[in-house]
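Here the structure is laid out as structure tokens; the discussion comes afterwards.
The values are calculated or read from the model by the stated rules, or taken from the named source; none is laboratory data. Quantities reported herein were computed from a predicted structural model and do not represent experimental measurements. All Cβ positions, glycine included, derive from the backbone under ideal geometry; neighbour counts span all protein chains shown. Heavy atoms of the whole protein, side chains included, go into the accessibility calculation; ligands, DNA and RNA do not. Shrake-Rupley method; radii C 1.70, N 1.55, O 1.52, S 1.80 Å.
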Amino acid sequence: MTPKATNKVVSLVEEQRNERLAQTIIKNLKRRHIEGFYCATAEEAVEKVSELIEDGSSVTWGGTMTVRDLGIPDFLRKRGTLEVLDRDLVETPEEKQAMYLRAFSTDVYLTSANAISEDGVIVNIDGNGNRVAAITWGPKKVIFVIGLNKVAQNVEAALARARSTASPINATRFDIKTPCQTDGVCHNCNSPESICNYVHFLRNSPRGRHAVVLVGESLGY
């Protein structure tokens, strides 16, 4: 078998595994009253997110590289039927605070996750707390876009991924002077600049206001 043929077989096997894993998670999300969807590609995910947002809705997003890297904000703006509140256009601390507060009254809040367990618990760590606060309360609907690279075997592994993988990368991205930014390792620190101030577990959606779009690609951190 040629190397090229081998690569095609491996790719097919990975696609089959991703599909099965995603369907397992979606089944477990349903038990938690969370609607789940699987998209094999980033392009399909953008279309699915747009499909889940009704015309006339107000929409914004949290601090998520996944949503930005997929180009979802631009895609939604081009629809022309939505009120898009772009948090990335504000500059001053006062404007940012006002935008964070406006997010609580939106119809749709877009975000990602630092990790998700195979049984459907979504884990996020936040520095300011606005993102996990909006996930918890406020917006009528919260849509997570999560690459399968963020799947962990259980809640403990999901928390470990959030702290040891996502947080050091984000500390480096923001050039925040924390111990993990120096050596890439979580020190369970109490640094004044820590971005691990709020740890959030979503294990159940009491009013069914959460939805998850799983993507068969590596997205975000």
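Some points to look at:
- Within segment 173-184, one or more residues are on the phi > 0 side of the Ramachandran plot and not polar (S, T, N, Q).
Okay, residues lined up against (1) more than 18 Å from the chain's Cα centre (by Cα); (2) not hydroxyl-bearing (Ser, Thr, Tyr):
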residue: ARG17; (1), (2): yes, yes
residue: TYR38; (1), (2): no, no
residue: GLU51; (1), (2): no, yes
residue: GLY56; (1), (2): yes, yes
residue: GLY63; (1), (2): no, yes
residue: ASP69; (1), (2): no, yes
residue: ASP86; (1), (2): no, yes
residue: GLU91; (1), (2): yes, yes
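- Listing of strands (runs of 3 or more DSSP E) fully contained in segment 104-221 that carry 2 or more residues being touching a residue at least 24 places away in the same chain (Cβ under 8 Å) and open to solvent by less than 10 Å² (accessible area, probe 1.4 Å): 108-111, 115-117, 122-126, 141-147, 210-215
- Check on VAL67, under 22 Å from ALA113 (Cβ atoms), in contact with a strand residue (DSSP E or B) (Cβ under 6 Å, 6 or more places away or on another chain), part of a helix (DSSP H, G or I) and not polar (S, T, N, Q): yes
- Which numbered condition LEU101 fails, given (1) open to solvent by 80 Å² or more (accessible area, probe 1.4 Å); (2) under 25 Å from GLY216 (Cβ atoms); (3) of a type outside the set (Gly, Ala, Ser): (2)
- Whichever residue in segment 70-91 is part of a helix (DSSP H, G or I) and open to solvent by less than 50 Å² (accessible area, probe 1.4 Å) and, among such residues, is nearest to ARG173 (Cα to Cα): ARG87
- Output for segment 31-54, where each listed residue is open to solvent by 50 Å² or more (accessible area, probe 1.4 Å) and in contact with a helix residue (DSSP H, G or I) (Cβ under 8 Å, 6 or more places away or on another chain): GLU35
- The numbered conditions (1) at positive phi; (2) in contact (Cβ under 8 Å) with a residue 40 or more places away in the chain; (3) not hydrophobic (A, V, I, L, M, F, W, C) are all true for TYR38 except (1).
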